[in-house]
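The values are calculated or read from the model by the stated rules, or taken from the named source; none is laboratory data. Note that the structure is a prediction, hence the values are computed from the model and not measured. Backbone-built Cβ (ideal geometry, glycine too); neighbour counts: all protein chains shown.
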Amino acid sequence: MKINKALSVLMAFVLVFCVFSFGAYAAESGKTVSFKIENVSKSVLAKKSPPKAYGANGKYYAGTSYKLYDNISDNAKAIYNAFESERAGLASSPRGVIKVNLSAHGRNLTRDKIENELFYACAAITDDEPEYQWLLSAPFKIDYVPASGMLTLTVLLSETPYGSWNEIETEHTALINAVNSFNVSGNNRYERIKSIHDGIVLRASYSKNLNESVTLTNSKLFYPSSALLAPYETVCDGYSKAFKMICDRCNIPCIVVTGYGYTPGIFGVFLLSQGHTWNYVRMEDGKWYAVDLTWDDVEGSSPVYDYFLVGSQTTDKSGYSFIMTHDPVGDRFAGTNLTYPQLSRTKYVYDPSVYENITGDVDKDGEVTVIDAKWILQSVAELRKLNDSQSNAADLNGDNSVTVADAKSVLRLISGLSA
C-alpha cells in the first residue's frame, strides 16, 4: 500500500492491494493444493486506538538476527529445508518435484495438517529468502505416504506468471545479479541502509497496474524482481523483499513484515486498511526499527524519510504513531500467523561518533564481526589499506601494529572469549 503524502486529506480513499491470501483445496495423495492470489482488505471504523502490537501471539526473538524459520514447527521446517536444498524446484530432478522426509514428526498426519505445514513453510521461506519468489503463487500437487512420513511436492506452473522452469531460472539469475550489482555506499550500517533505501526508491516506482483482479501477469508485481528488474514497477511486497535481499547481501539483519496498513481518515477515525508489507532492521544498539520504502516513495519527488528507521511510537506528519498505521499480524497465508521481533518504541538516532572508538570494529559499522577479522587479515596481506582510525580499532593488543594476532583477538571477541 502506498500513500501520497501530498494528498494526506485524501488518504482514506487510497486503495492499494499488497498482500497474498491463499485458498487451499484438498491435499489428499495426488490432489492439488492451490495458492490463490487475492487482494485483501478489511473495513475498519474505529477511533484512534492502536491495533495489537508486534505480532499475533506476543512471542519476541531476542537474538542478533532473525529468521521466520526459527518460529515454525518441525514439519514445516522439514518442508522449508527441502525447498532450500532444492532451490524451490530449480535444482530438483525432475525440476519442480521436491521430496520431503518428515520422519517421525510427520507420520499419519491429517490432510489439513499437511496443508497447514506447507502454508507455514512457504510463508517463512518466501519472506526469509525472497529469491524463491514463485512459491508465492505456485499451486502444489501433494503425494503423501502416512506410514513413512514421505511427502512429495510438485510445484505446478499453471497458476504462476512463468511458462517454464527455464523462464524461472533466467529471471532468478537476473534477480541475483541485480542484487549483487546493486550499488551500496556508506561507511557504517546506518549509511548503508540509507543507501539501499534511496537506491530502491529512486529505481522503482509504485505500479498502477494492480486492481481488483490479480492476473498471472500482474502477480509479478509482488516479487522482488519487479523492483530490481526493468520496468521497475512494483508494489509493497516487491519493495520490502528487494530491500531485504540487498540488506542480506550486506550482512544487515533485516526481515520482511506482513500485516495491514491503516489509512487514517478525518477526526481520528481509521476508515480502511489494506494488506501491506514493510521491513524491520536491527541496528548496532541491538534494537529493531521499521523501514517502509513504499510509503517513503512519494511520486514525483526524491526519497522521503517519514518511515525510515522508526519506532512503534514514532509519529508521522499527521500525528499517527507507526503502530497505529502498521499492524504486523504476519498473516501472509491463510491459517498462518508469523511472529516478529519487538520493535523499538522510538526512532533510531544516528550519531556518527558511536562508530569511531569501538575496539575491533575495523569497518566502522558499529559492531565487531567476522568482517573485521577479514579486514585485518587483508591488511596484513597488503590487500587492504586501513586508515588511522581503522588501524587503531584493529590494534587489539596495543602493540602499535596490525597483525594476525589481532584478527585472532577479534574472533575471540565474537565467540564471547576475552581478547
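Given Gly286, Gly319, Gly335, which one is more than 16 Å from the chain's Cα centre (by Cα), part of a loop (DSSP other than H, G, I, E, B) and outside the structural domain of Asp248 (by TED's automatic domain parsing)? Of Gly286, Gly319, Gly335, the one residue that is more than 16 Å from the chain's Cα centre (by Cα), part of a loop (DSSP other than H, G, I, E, B) and outside the structural domain of Asp248 (by TED's automatic domain parsing) is Gly335. The residue list Ser164, Ser185 contains one member that is surrounded by fewer than 20 Cβ atoms within 10 Å (Cβ to Cβ) and touching a helix residue (DSSP H, G or I) at 6+ places or on another chain (Cβ under 6 Å), which is Ser185. All conditions in (1) of a type in the set (A, V, I, L, M, F, W, C); (2) touching a strand residue (DSSP E or B) at 6+ places or on another chain (Cβ under 9 Å); (3) at pLDDT below 95; (4) under 21 Å from Gln133 (Cβ atoms) hold for Cys250, with the sole exception of (2). Of all residues in the range 399-411, one or more are assigned to a loop (DSSP other than H, G, I, E, B), acidic (Asp, Glu) and at pLDDT 85 or above.
Scanning the range 307-331 for residues that are at pLDDT below 95, within 27 Å of Glu191 (Cβ to Cβ) and surrounded by fewer than 21 Cβ atoms within 10 Å (Cβ to Cβ) yields a count of 4.
Within this structure, Thr315 passes the test of being among the hydroxyl-bearing types (Ser, Thr, Tyr) and closer than 20 Å to Thr263 by Cβ. Remark: pairs (first residue in the range 313-331, free of Cβ contacts under 8 Å to residues at least 40 places away in the same chain; second residue in a strand (DSSP E or B); Cβ separation under 6 Å; 6+ apart in sequence or on different chains) = Gln313/Ser321; Thr315/Ser321; Phe322/Ala290; Phe322/Val310.
Please tell me if Leu175 is under 30 Å from Leu118 (Cα atoms), of a type outside the set (Gly, Ala, Ser) and surrounded by 22 or more Cβ atoms within 10 Å (Cβ to Cβ). Write out each step before concluding.
Values: under 30 Å from Leu118 (Cα atoms): yes; of a type outside the set (Gly, Ala, Ser): yes; surrounded by 22 or more Cβ atoms within 10 Å (Cβ to Cβ): yes.
Spelling it out, Leu175 is indeed under 30 Å from Leu118 (Cα atoms), of a type outside the set (Gly, Ala, Ser) and surrounded by 22 or more Cβ atoms within 10 Å (Cβ to Cβ).
Taking the conditions exactly as written (assigned to a helix (DSSP H, G or I) and either modelled with pLDDT of 95 or more or on the phi > 0 side of the Ramachandran plot (or both)), does Val257 satisfy them or not? It is false that Val257 is assigned to a helix (DSSP H, G or I) and either modelled with pLDDT of 95 or more or on the phi > 0 side of the Ramachandran plot (or both).
Rundown of residues vs (1) touching a strand residue (DSSP E or B) at 6+ places or on another chain (Cβ under 9 Å); (2) under 18 Å from Ser219 (Cβ atoms); (3) not small (Gly, Ala, Ser), yes/no style:
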position	(1), (2), (3)
Asp143	yes, no, yes
Pro146	no, no, yes
Met150	yes, no, yes
Leu153	yes, no, yes
Tyr162	no, yes, yes
Val179	no, no, yes
Ser185	no, no, no
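Among the residues of the range 279-293 satisfying the criterion of being modelled with pLDDT under 95 and in contact with a helix residue (DSSP H, G or I) (Cβ under 8 Å, 6 or more places away or on another chain), which is farthest from Asp248 (Cα to Cα)? The extreme case among them is Glu284. Does Ser213 count as under 26 Å from Asn337 (Cα atoms) and either at pLDDT 95 or above or out of contact with any strand residue (DSSP E or B) (no Cβ under 6 Å at 6 or more places or on another chain) (or both)? So Ser213 fits the description; yes.
Within the range 159-170, is there a residue that is charged (D, E, K, R) and assigned to a loop (DSSP other than H, G, I, E, B)?
Yes, that holds for at least one residue.
Just one of the listed residues (Phe222, Phe267) is buried (at least 20 other Cβ atoms within 10 Å of the Cβ) and either more than 16 Å from Ile196 (Cβ to Cβ) or modelled with pLDDT of 95 or more (or both), and it is Phe222. Annotation: of all residues in the range 342-360 being under 19 Å from the mean Cα position of the chain (by Cα) and buried (at least 22 other Cβ atoms within 10 Å of the Cβ), the one that is farthest from Tyr66 (Cα to Cα) is Ser344.
What is the one condition in (1) surrounded by 15 or more Cβ atoms within 10 Å (Cβ to Cβ); (2) within 28 Å of Ile193 (Cα to Cα) that Leu383 does not satisfy? Evaluating Leu383 over (1) surrounded by 15 or more Cβ atoms within 10 Å (Cβ to Cβ); (2) within 28 Å of Ile193 (Cα to Cα) leaves (1) as the failure.
Consider Leu135 carefully, then state whether it is out of contact with any Gly (no Cβ under 8 Å at 6 or more places or on another chain), part of a helix (DSSP H, G or I), at pLDDT 95 or above and surrounded by 15 or more Cβ atoms within 10 Å (Cβ to Cβ). When the stated conditions are applied, Leu135 does not pass them. On inspection, Thr152 qualifies as of a type outside the set (A, V, I, L, M), touching a residue at least 12 places away in the same chain (Cβ under 8 Å) and surrounded by fewer than 23 Cβ atoms within 10 Å (Cβ to Cβ). The set of residues in the range 92-132 that are outside any helix (DSSP H, G or I) and of a type in the set (A, V, I, L, M, F, W, C) comprises Val97, Ile98, Val100, Leu102, Leu109.
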